[in-house]
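**Student:** After the structure tokens below, expect a handful of questions from me.
The values are calculated or read from the model by the stated rules, or taken from the named source; none is laboratory data. From a predicted model like this one, the values you see are computed outputs, not experimental measurements. With ideal geometry, Cβ positions are generated from the backbone for all residues, glycine too; neighbour counts draw on all protein chains shown.
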Amino acid sequence: MFARYLLSIVLLAVTVVAPASARTPQDMVAVSILPGWRMADGTLMAALRFELAPGWKTYWRAPGEAGIPPRFDWRGSRNVGAVEVLWPTPQQTTTNGLRTIGYSHDLILPVRITPARTGEPVSLAGDLEIGVCSDICVPVETEVSLDLPLGGDGDRDPRIAAALAARPYTATEAGVGQVICRVAPVAGGMELAVEIEMAQMGAREMVVVESGDPELWVAQAETARAGGRISARTEIYHVDGRGFVLDRSALRFTVLSTGDAVDIRGCTGR
């Protein structure tokens, strides 16, 4: 599986080299901030708007075998204590024969902002690194900024509301039962096998595994369904080749399909 990961990196390296005649990143995607509204708990709901040129797509937080993972840097913001990105359910697509996960249409990406000091002006500013793909894949760096309103919850932007409604179900909402993990050592890392008790929600099911630790790399999982259980197997490595301890409570499993999606946090051992 690790060899397959190395192959995908080679293919990605080939695809991101754009010819000199390629359009500029601004022709492929335009990114802006939708101001949103203030929530009852004092947090602010806003969104990033990605306007993609026809035929172009961008990636989910875990982009798959050949995708470019997005990066957000909010350090230029003022009076912002925390920013939580709330991802709508993505689509499974194929790039150069490899499965990727992302969005092939304009994307509204909600962000929940916690002010550092309540009642004071908030300015959201971000440095973004994203990937956009058509027949080539191009890494794009861009900046966004906006002073956010301090008013009440008033009129809610229907575009942001629709994106929030398009999130995956929680484990509770989807009626997920036991989530059991088994871990075994492999050369240089760990093999993780997970078994999830849940009803099938669509075709082409795919379990995406995230470690919760940016220093750990997770291979794309192999997924199988047997009755009321879905299972997945993957391998996890430290990016620096070091040993590590896997925190089962930090693991995140997203079950994608042609129907609905489910977001599951943590697992128990066996």
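**Student:** Which pairs have Cβ atoms under 6 Å, sit 6 or more apart or on different chains, and link a residue in the range 188-200 that is in the same structural domain as Arg252 (by TED's automatic domain parsing) and of a type in the set (Val, Ile, Thr) to one that is assigned to a strand (DSSP E or B) and crowded, with 18+ Cβ neighbours inside 10 Å?
**Tutor:** As it stands, the answer is Val194/Cys181; Val194/Ala232; Ile196/Val179; Ile196/Ile230, since those pairs meet every condition given.
**Student:** Let me ask you something else. Looking at (1) farther than 30 Å from Trp74 by Cα; (2) part of a strand (DSSP E or B), which one does Gly243 not meet, given that it meets all the others?
**Tutor:** So the condition that Gly243 fails would be (2).
**Student:** Which ones in the range 165-207 are within 17 Å of Thr254 (Cβ to Cβ) and among the acidic types (Asp, Glu)?
**Tutor:** Hits for the range 165-207 are Glu173, Glu195, Glu197, Glu205.
**Student:** Quick one: count up the residues across the range 136-171 that are in a strand (DSSP E or B), closer than 20 Å to Trp56 by Cβ and among the aliphatic types (A, V, I, L, M). Break it down stepwise before answering.
**Tutor:** So the first thing to find is which residues in the range 136-171 are in a strand (DSSP E or B), and the list is 137-148, 169-170.
When the remaining residues are screened for being closer than 20 Å to Trp56 by Cβ, the result is 137-144.
In the following step, the residues that additionally are among the aliphatic types (A, V, I, L, M) were identified as 138, 140, 144.
Looking only at that region, the number is 3.
**Student:** Restricting attention to the range 33-66, which residues are within 22 Å of Val144 (Cα to Cα) and charged (D, E, K, R)?
**Tutor:** Arg38, Arg49, Glu51, Lys57, Arg61
**Student:** Now for a different question. What residue, among those in the range 240-262 that are modelled with pLDDT under 95 and of a type in the set (Val, Ile, Thr), is nearest to Gly64 (Cα to Cα)?
**Tutor:** Among those that are modelled with pLDDT under 95 and of a type in the set (Val, Ile, Thr), it is Thr258.
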